[in-house]
Every structure is written in C-alpha cells, then in structure tokens.
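The values are calculated or read from the model by the stated rules, or taken from the named source; none is laboratory data. Just so you know, these numbers come straight off a predicted model, no measurement behind them. Using ideal geometry, Cβ is built from the backbone for each residue, glycine included, and neighbour counts are taken over all protein chains shown.
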Amino acid sequence: MTKLSDAPPVVVANSGRSIPGAWSAGAFLSITVVAWIAAGLLAFLIVGNSAIILNSDREVGSAIATFGRDLDVVRRATLIWHYAGGPIGTFALMAVATIWLLAIKRWWWALYLVACGLGGLVIAESMKHLVARTRPSWPDALIVESGGSFPSGHSMGGIYAWTMVGVVLIYLLARPLGTVLGWMLIVFGVLMAPSRLILGVHRPSDVVAGWRFALGWVLLVSAVAVLLVAKRSLKEAQNNRGELPLVRST
C-alpha cells in the first residue's frame, strides 16, 4: 500500500528548493502542541496573578525599558517596528504579497499565506479579549498603547505575517534574491518582539506568548500544507509512473 511518505519530492522551479515531505507534518504538529501548551500555561498563570510571572515581568521588563530609555537612539529606532508592524503596516504587507501571488498564479501559496495571516489575527484578538490584561506603565514611555496586552499582537504578526512572507519569498524567488529578501523579512519579523519590550508597551510574557501562539499556528497550517502537497505529488507520480521528482512553480 502506497503511503504519503513515498511521495516524490516537490521542487520549486525558480529557487530549486524542495518543499518538506509528509514526514515533516508530524514534527510540525508536535511543536504546535508544545508551543500552545506553553502559551496556554502562561495565560493561566497571568489570569491567576502568579507572583512568579508578575515579578519576572516587572524585573525583566523594567530593565529592558530602562535600557531603551537610556539609549534613546535605540528606542527611537524601534519605532520602525512599531509602525511597520502595526495593523496598517502588517495588513499592507499581507495584501501586497497576496496580490502578487495571485498575479503570478500561485494560488496555493496565496491561500497558505492568507490562512497564516487570518488565523494568527483571530488567535491574537481572541486571546487579548479572553485574558484582558492591561498594558504595563513604565516611566518616560515614548509611546502609550491601549487595548489588551496579552499576547503581543506585534510579536505575533512578526511571525505569522512578516516571517511567513519571508519564507514564501525564499521558496518562490530565484537565488540569491529570494534568500536575501526572505531572510531580511524573517529577521525583521523576529525582532518585532524585543522592540515591544524596548518601547515598554509589553511585558516579557506578552511577547513570549505571542511567539508561541503564532509559531504554533503557522506550523499547524504548514503541516496541513505539506500533507496536501505530498498527496498531490503521490497522485501525479502514480499517473506518471513515478519517473522523476516533481518540479513546479506552484
């Protein structure tokens, strides 16, 4: 009996990169479970006013916010992440990337990106309302934010939007352009979290939970995606008698 693990590798034409096989779905799902359990535990401790979390947030968050206050040039530089990673900037990035994918007829890639973005946004907003944590109030704040503090929406968007657009570029653009642009977006997205701490608009547990929720979601979407790709690859290999690895631009 043929298994999905027997599917030939799918190589993306422009970059020559292979999409992870069906075997990777199990690893993705395992990381999703661990990340979400860890994020859920943080939420539980915060709702329960855990002294350990409150004290560590106060000490670490205050130290990082003070660092930003003492190095004003660093704190002001983080405003780039603040505005680019806000709702308008992140929506613009996802919209442009999705329109580009549709224009070049990469339908499945567009669906993948939209799933990462919409699901990540729903999780972020749902958890903010569920936990209803107030924002920290450090002295001499450069900006003041309203709305729920847990989890950090910027930190989550840095993963499910900026980082994922970077991953898509790495796969779909020819090297080295795709590699350079893709990793620039990935690094920018990952740095979204520490920028929130330097600005003093989030606590450490807010950004850590944001990373975990977003990572879990994009890996869940990725697990489904690689299984669908493997299923399609196996079907085409059987029709073509499995002569060659599949090379696609989709």
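Before moving on, here are some points about what is shown:
- For region 128-151, residues that are small (Gly, Ala, Ser) and either modelled with pLDDT of 95 or more or on the phi > 0 side of the Ramachandran plot (or both) total 2.
- Region 123-141: number of residues that are surrounded by fewer than 20 Cβ atoms within 10 Å (Cβ to Cβ), of a type in the set (A, V, I, L, M, F, W, C) and closer than 16 Å to residue 88 by Cα: 0
- Odd one out for residue 212, checked against (1) under 15 Å from residue 39 (Cα atoms); (2) over 14 Å from the mean Cα position of the chain (by Cα): (2)
- The residue list 226, 207, 201 contains one member that is farther than 16 Å from residue 109 by Cβ and modelled with pLDDT under 95, which is 201.
- Of all residues in region 157-178, those that are part of a helix (DSSP H, G or I) and surrounded by fewer than 16 Cβ atoms within 10 Å (Cβ to Cβ) total 1.
- Enumeration of residues in region 93-103 that are exposed (fewer than 13 other Cβ atoms within 10 Å of the Cβ) and either of a type in the set (Gly, Ala, Ser) or in contact (Cβ under 8 Å) with a residue 40 or more places away in the chain (or both): 95, 103
- Test: residue 144 is closer than 21 Å to residue 214 by Cβ, of a type outside the set (Gly, Ala, Ser) and either surrounded by fewer than 19 Cβ atoms within 10 Å (Cβ to Cβ) or in contact (Cβ under 8 Å) with a residue 24 or more places away in the chain (or both): no
- Members of region 67-87 that are without any contact (Cβ under 8 Å) to a residue 24 or more places away in the chain, surrounded by 12 or more Cβ atoms within 10 Å (Cβ to Cβ) and over 23 Å from the mean Cα position of the chain (by Cα): 71
- Condition met for residue 212 (at pLDDT 95 or above, surrounded by 24 or more Cβ atoms within 10 Å (Cβ to Cβ), of a type outside the set (A, V, I, L, M, F, W, C) and assigned to a helix (DSSP H, G or I)): yes
- Residue in region 104-119 that is surrounded by fewer than 12 Cβ atoms within 10 Å (Cβ to Cβ), at pLDDT 95 or above and either part of a helix (DSSP H, G or I) or not aromatic (Phe, Trp, Tyr) (or both) present: no
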